[in-house]
2 protein chains.
Amino acid sequence: MDDKAMLMIPGPTPVPETVLRAMAKHPIGHRSGDFSKIISEVNANLKWLFQTQNDVLAIAASGTGAMEAAMINFLSPGDQVIVGCNGKFGERWADVAKAFGLDVQIISAEWGKPLDTEAFRTALEADSQKAIKAVVITHSETSTGVLNDLETINQHVKAHGEALIIVDAVTSLGAYNLPIDQLGLDVVGSGSQKGFMIPPGLGFVSVGEKAWQAYETAKLPRFYFDLGKYRKSAAKDSTPFTPPINLYFALHAALEMMRAEGLEAIFARHERHKQAARAAAKALGLPLLAPDENASPAVTAILPDGVEAEQIRSAMRKQFDIALAGGQDHLKGKIFRIGHLGFVCDRDILTIIGALEATLQSLGYERFTPGSGVAAASQQLQ
Amino acid sequence: MDDKAMLMIPGPTPVPETVLRAMAKHPIGHRSGDFSKIISEVNANLKWLFQTQNDVLAIAASGTGAMEAAMINFLSPGDQVIVGCNGKFGERWADVAKAFGLDVQIISAEWGKPLDTEAFRTALEADSQKAIKAVVITHSETSTGVLNDLETINQHVKAHGEALIIVDAVTSLGAYNLPIDQLGLDVVGSGSQKGFMIPPGLGFVSVGEKAWQAYETAKLPRFYFDLGKYRKSAAKDSTPFTPPINLYFALHAALEMMRAEGLEAIFARHERHKQAARAAAKALGLPLLAPDENASPAVTAILPDGVEAEQIRSAMRKQFDIALAGGQDHLKGKIFRIGHLGFVCDRDILTIIGALEATLQSLGYERFTPGSGVAAASQQLQ
């Protein structure tokens, strides 16, 4: 049915009516006092959400643009970097690093498995010359639903002492407790169409003091993504280039809603939905791609056996107007992914599992007791 | 009064209700068939608007991001480029070129004066080694309201034979007849919050065949702004990175409105409003910054004498809820700028001139016959 689509993908995520209405306001001048006030409030709330006193800079770009900025501002041609690759996004950051002429060492794991933290320890400890300038980690790997063990890898980076840690928190920020200052994360990137509950078009980068020191001598060319310009403007409640004004209206409203809910409640909600989705999948006999101990709070990837992933997605869309995500690259057609990120409530989880059960039955998949998925999910939502 | 603001600045420009409503729809998945259809229709209509068969690629970025992409995809470190500078934006493109290590020759003119086309002819003719790889021209210089003589400069570039012409059409596209294919313009950048009648957040670059050839050997690093990726995706009605979905909804609606009005009518409307604004300024004894023969169709800059520009802006905002633009850089406080770009009708022009007359009177400026500004504007609107 028209206008009945329910988005359960890991971005874009559902957007609250309050936010859509804010976004539909007539634009105002971006150099006006009224807009400066919005920038000021948004920037303060971003620091709250990022749990940091660092600059959190907003850029008109997708999450990929934000991550490119997160890398190119702090490095010079030929610099050694380690990039963790266990999914599409880790591989993308390696591609960005190569495109800019960095000397890239990839530490990879099979898609669906977490990065091996010991491999990072070994590589960093072996670097007695302190030549490694940065370690790039995808926290929640959206393509597989794996949550990498950022805390442990970060400890190894801290032991190294020289390298910056650059984190893709695109689908973990606002979903999982990521205390940037407490962990001392140097650079953290994210994107608006995820935990932020607004449409795509804004990327975010938080930058700490050690990274700003690296910025001073970093020689990769940059202009639009020059974060120094954004920092200078942010100090004056402004932006270096025309900001996406209506997305700021949306973000302003969304951050107010998030403050009202509170960080702990937001993280608990995502944890609960992750547990419910996983419990339901198990009850339905559907294999989970990521292990329990490294499961993303934002997205659950399922590798069905005895029923086609694409048939499930297609039937869910046709009968129930529910959009699920498919697999990417070599996982295309093999997995489907349930997004439970951002503006998702307990009811949505029951809805999706109920529809999934009905869909599985209609496809002739019989490896479960009807009702067991919803029951398992319900138990996690208590 | 709240909600009564009237935007008469050269971007963001007013946004039609139809477009705001389209933008406020719930996002859909950007990899869905429904969104591919929108991309396909948007891309076809962009080609119509740009009057070209070239690829017109949309990027989640401001106009500055689009112009950076327009430059870095076709050049290598150390390449010689000429940048025309007679305002803030020309200077910005010179800064981009320098940031990326290009060998920049600046041909400048005083802010408010047009670029000297003969200086381009001389420089290009002197380049017998054909070392100049690109000429970057700001068509409508938003900071001063000067429309540079792109056609003549383009002829000199064509006579050179080697150099690409890269055009900033941020405030001329959709306001002035710019037949890209007829003129053979290699690369043309623009931004959404201008003639496109939607909020900021999308940049556009049209790329011709000669530029794509240069792309093959161009060595400046790029990833997010790699236009080859956008071209490849556009051929499949897709985008390489998450697009700003709701701005696409807005653009889809706005382009339909523009097609309904027709290019000739759109250009005639902007010409009429330019003439009306200039005739009114003259009747009010207000000096115009740009000469008649090089006046932008998008913005009219006024250098008032006997009354303070900032007082005019402030009074217009306070009593009449009209936002005018001020001056930038060294013109700050000296000029004010009336935007007549995008979704502006004849009534808006009379409104602004009427309010300007009332404001001038309230500020004690008496160098005009009351009513003469509105009368002069009206005559141009016949």
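All of the numbers you see were taken from the coordinates with simple rules; none came from a lab. Remember, predicted model here, so these are calculated numbers, not experimental data. Backbone-built Cβ (ideal geometry, glycine too); neighbour counts: all protein chains shown.
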For chain A, built as a Gaussian network whose Cα springs stay under 10 Å, the top-fluctuating residue of A:Gly29, A:Gly339, A:Gly101: A:Gly29
Chain A - percent relative contact order, Cα under 8 Å, separation 6 or more: 24 percent
Long-range HN-HN contacts of B:Leu164 with modeled amide H, under 5 Å: B:Ala134, B:Val135
10 Å Cβ neighbours from other chains, averaged over peptide A:85-96: 1
Spin-label zone in the range A:307-346 - amide nitrogen under 19 Å from a point set 7 Å from the Cα of A:Asn177 along the C-beta vector: A:342
Exposure proxy order (Cβ contacts within 10 Å, fewest to most) of B:Asp292, A:Asp226, B:Asp168: B:Asp292, A:Asp226, B:Asp168
For the range B:148-263, share of DSSP beta bridges that run antiparallel, in % to the nearest 5: 60 percent
Magnitude of the charge dipole, the range A:230-300, Cβ model with Lys/Arg +1 and Asp/Glu -1, debye to 20: 160 debye
For chain B, calculated [θ]222 nm from helices alone, where every DSSP H run of n ≥ 4 adds -39500 (n - 2.57): -13500 deg cm²/dmol
Antiparallel bridge percentage (DSSP; both residues within chain B; nearest 5): 50 percent
Separation between Cα centres of the range A:48-106 and the range A:221-281, rounded to whole Å: 18 Å
Lysines with Cα under 19 Å of B:Lys47, excluding same-chain neighbours fewer than 8 positions away: B:Lys37, B:Lys194, B:Lys210, B:Lys229, B:Lys232, B:Lys236
Computed label-point distance, nm, for sites B:Lys334 and A:Glu256 using a 7 Å Cα→Cβ extension: 4.1 nm
Bins of 10 Å, starting at 0 and running to the largest distance - Cα pair percent for the range B:291-369: 17, 51, 30, 1
Anisotropy class of chain B from Cα gyration tensor, a/c 1.5 cut: oblate
Using distinct alpha-carbon pairs, which all enter the 1/r mean, Kirkwood radius of the protein assembly as shown in Å: 27.1 Å
In nm, spacing of pseudo-spin labels at A:Ser76 and B:Asp237 (7 Å Cα→C-beta vector): 4.9 nm
Rounded to the nearest 20 debye, dipole of the protein assembly as shown from Cβ charges on Lys, Arg, Asp, Glu: 680 debye
Along chain B, longest interval not containing exposed GluC sites (Glu not before Pro), exposed being DSSP loop plus at most 15 other Cβ atoms within 10 Å: B:163-307
Ranked list, fewest to most other Cβ atoms within 10 Å of each Cβ, for B:Asp237, A:Asp55: B:Asp237, A:Asp55
Relative contact order, percent, the range A:48-194 [alpha-carbon distance under 8 Å, six or more residues apart]: 28 percent
Order by protection proxy (mean Cβ within 10 Å, highest first), peptides B:57-64, B:299-306: B:57-64, B:299-306
For B:Arg121, B:Arg313, order by how many other beta-carbon atoms lie within 10 Å, fewest first: B:Arg121, B:Arg313
Number of partner chain Cβ atoms within 10 Å, mean per residue of A:236-247: 6
Among beta bridges that DSSP assigns inside the protein assembly as shown, antiparallel share in %, nearest 5: 50 percent
Cut-off 19 Å, label 7 Å out along Cα→Cβ of A:Met1, residues of the range A:307-347 by amide N: A:315-324, A:347
